[in-house]
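S.K.: Can you keep this structure in mind? I'll have questions shortly.
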Amino acid sequence: MLNKIKKIAFFALTTCFLVGSSFAAMATDDGTDSEFDELSAESVAEYQVEGSLFQQITDLEQEKVLMQLEKERAQLDLDLDRLAAEKIKLHMEIDALSGRAEAQQQELETEMAKLEAEAARLAREKESLENAVETATTTKATTNKKVVEEEQESKIGERFKLVNVIGAGSQLQATVADLTTGQNKRVSVGRTLDGWTVKSISLDDGVIFTKDGKTQTLNVTNSK
């Protein structure tokens, strides 16, 4: 913009110079060089810049420059206001996103607490069920064992048969046959047979077994 003012000032000075030159040429033709020189000197001395065409042009250009600068400043103010509004909007969006994130975090924590409570409940139910299964298994095993023992007690006379009694006095021994396998087994007082202990052996009474305070006798009569 200053370059433009300089160009205008140069144009004005050039114009004045050309006008002066024209007058000088005219004066030369008339033979009045000295008079023209004096007139030119007086004109230059008396020339007032203030209010002149040159001053008006300069002031006009300066006003144009100032107006352009004011316009650009106003545009910058608008841009700054726009940026400030966008900044406020961005902060509001960030706050909104932060609020939603906190709400979602709270929902996730609540859901996690529910899942943990459900897992703990299922773990307790599983433990209770395992205990019930263990108890039922133990009870079943005990019952089966008791049934087997009762069956063994009730069927010892059916499982074995007295074959013979040999020896004399306290050296008596008995031979019994396993009805299931067909094998013969020799027993003496104090020996055990399928959990039963031989209490005594005699030719008349056969073999008396004892177990847990109970007795059973295996003799020729129940071996037939």
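S.K.: Answer yes or no: is there a residue in the stretch 123-146 that is touching a residue at least 12 places away in the same chain (Cβ under 8 Å) and under 30 Å from residue 195 (Cβ atoms).
M.R.: Checking the stretch 123-146: not a single residue is touching a residue at least 12 places away in the same chain (Cβ under 8 Å) and under 30 Å from residue 195 (Cβ atoms).
S.K.: Which of the strands (runs of 3 or more DSSP E) contained wholly in the stretch 160-224 include at least 3 residues that are over 60 Å from the mean Cα position of the chain (by Cα) and among the hydroxyl-bearing types (Ser, Thr, Tyr)?
M.R.: Those strands (runs of 3 or more DSSP E) span 196-202.
S.K.: What are the pairs, 6+ residues apart or on separate chains, where a residue within the stretch 172-186 that is closer than 14 Å to residue 157 by Cα has its Cβ under 8 Å from a residue that is surrounded by fewer than 12 Cβ atoms within 10 Å (Cβ to Cβ)?
M.R.: As it stands, the answer is 177/183; 179/158, since those pairs meet every condition given.
Every number here is computed from the coordinates shown, using simple stated rules; none is lab data. From a predicted model like this one, the values you see are computed outputs, not experimental measurements. Neighbour counts run over all protein chains shown; Cβ positions are idealised from the backbone, glycine included.
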